[in-house]
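**Q** Submitted below is the structure of interest, expressed as structure tokens.
The numbers here are math on the coordinates, done by the rules we state, and not lab data. Note that the structure is predicted; figures quoted are calculated from it, not measured. Neighbour counts are summed over all protein chains in view; Cβ atoms, including those assigned to glycine, are modelled from backbone coordinates with ideal geometry.
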Ligand code: MN
Ligand code: MN
């Protein structure tokens, strides 16, 4: 057994035994990823839409991954725009599932699974599409306007090196093999792209073509890969509302949950943390401040505007303020199909008042006042 493995095992055993082994304390935050990293306010923000886009005929993309946004080790994001008729080509991702939030235009996606199942879905504004890791798919803009969408991947190291495009594969495979495999003469393959296409322009399909494609087969997936946030009854709070998709209302999305949240001007999304997931936020409109309570007892207040991305590592305490006189709207994504959180007010409400009073150095009567307040999103003061 190697030294590293042995130390790893001792570490886990020590944590299970309450953190003490051979007289030494194992830091509770020590994990498989090592010590918590030192962070500053800049660590939690990435100006995604301010990035220089990768241009392609038919569209462009901007990406945030652990490479350019180092704290985002477990979630990567892409902002992609497709011209009418253009298509993000047939591809799959080796190391991540894809959770897409569609904002403008209309996308058509066909998802192919290893169980011989397929599904074609259409996503308009506020719809989500989930593509399990490794499943084949494309995204075509079938509308007459730009199709803009945000893709969230459940690996921070997701990137094009772990994405396999069908044209790159065909371009690097001998024509003789393709001819045999696809049962066409080699001469029929002369016009195949010579390299990866990534995004390709194309005509907007006619209504008849769309209908024909829709009825070309019968999908037999047990659970749909599309989810409409517009059809979710929002959970309304005094300071805003939340539309959330989790494995409970969308069983296919096993590794990512999320949705949209609005905050009224100067409202507060209360102090809380997520025990089971990292949080990745994309700001759609309005201005916000997120204050993160990070390891080493440091607190960082970070300002965000439209097109910015926030990343809050699992377990870090945080709250969100709408700092403007406009409504704030934010896309939230978590790298777990189950949504979990613990809020400060829940914690206070569920603890004996005398304990909290002693801990906070406040009278029990004040603690009683704090208890059982429903302040998920609090009204403006
Ligand atoms: Mn994809
Ligand atoms: Mn949160």
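**Q** For a footprinting-style exposure proxy, rank 257, 187, 223 by other Cβ within 10 Å, fewest first. Before the final figure, lay out the partial values.
**A** On the way: 257 25, 187 8, 223 11.
Lowest count first: 187, 223, 257.
**Q** Expressed in nm to one decimal, what extension gain is obtained for the pair residue 247 and residue 67 from 0.36 nm per residue of sequence separation less their Cα-Cα distance?
**A** In short, 61.9 nm is gained.
**Q** Using only helices, what value at 222 nm comes out for the chain when you add -39,500 (n - 2.57) per DSSP H run of length 4 or more and divide by the total residues, to the nearest 500 deg cm²/dmol?
**A** -4000 deg cm²/dmol
**Q** Dividing the Cα radius of gyration by the Kirkwood radius, what Rg/Rh value follows for region 158-308?
**A** Ratio value, two decimals: 1.11.
**Q** Against the globular-protein guess of 2.2 N^0.38 Å, express the Cα radius of gyration of region 222-381 as a ratio, rounded to two decimals.
**A** Details: Rg = 16.6 Å, N = 160, 2.2 N^0.38 = 15.1 Å.
In units of the globular-protein estimate, region 222-381 measures up at 1.10.
**Q** Plugging the Kirkwood radius over Cα pairs into Stokes-Einstein for region 65-121, at a temperature of 4 °C and a viscosity of 1.567 mPa s, what D comes out in µm²/s? Write down the numbers at each step before the final one.
**A** Numbers: Rh = 13.9 Å.
The Stokes-Einstein estimate is 93 µm²/s.
**Q** Please work out whether region 238-321 counts as rounded, prolate or oblate from its C-alpha gyration tensor, where a ≥ b ≥ c are the square roots of the eigenvalues and a/c under 1.5 means rounded, while otherwise a/b larger than b/c means prolate and anything else oblate?
**A** Oblate, because a/c is 1.5 or more while a/b does not exceed b/c.
**Q** Mind jotting down the distance between the C-alpha centroids of region 232-263 and region 65-96, whole Å?
**A** With region 65-96 and region 232-263 each reduced to a Cα centre, they are spaced 22 Å.
**Q** Beta carbons within 10 angstrom, averaged per residue: use that to sort the peptides 339-352, 235-248, highest first.
**A** On the way: 339-352: 15.3, 235-248: 18.0.
Final packing ranking: 235-248, 339-352.
**Q** While we're looking at this one, here's another question. When averaged across all projection directions, what area in nm² does the alpha-carbon convex hull of region 96-141 cover?
**A** On the way: hull surface 11.5 nm².
About 2.9 nm², averaged over all directions.
**Q** If you wrap a convex hull around the Cα atoms of the chain, how much volume per residue is inside, in Å³? Each step should come with its number before you reach the end.
**A** Details: hull volume 71.7 nm³, N = 381.
Residue-normalised Cα hull volume stands at 188 Å³.
**Q** Can you tell me the FRET efficiency between residue 180 and residue 104 if r is taken as the Cβ-Cβ distance and R0 is 41 Å, rounded to the nearest 0.05?
**A** Values: r = 43 Å, r/R0 = 1.05.
Efficiency at R0 = 41 Å is approximately 0.45.
**Q** For residue 347 and residue 189, calculate 0.36 nm times their separation in residues minus their Cα-Cα distance, and state this gained length in nm to one decimal.
**A** Values: separation 158, 0.36 × 158 = 56.88 nm, distance 6.45 nm.
Extra length available between residue 347 and residue 189 comes to 50.4 nm.
**Q** So if each residue of separation counts as 0.36 nm, and I subtract the Cα-Cα distance between residue 207 and residue 360, what length gain in nm does that give? It would help to have the intermediate numbers written out before the result.
**A** Working: separation 153, 0.36 × 153 = 55.08 nm, distance 6.50 nm.
Full-extension gain reported as 48.6 nm.
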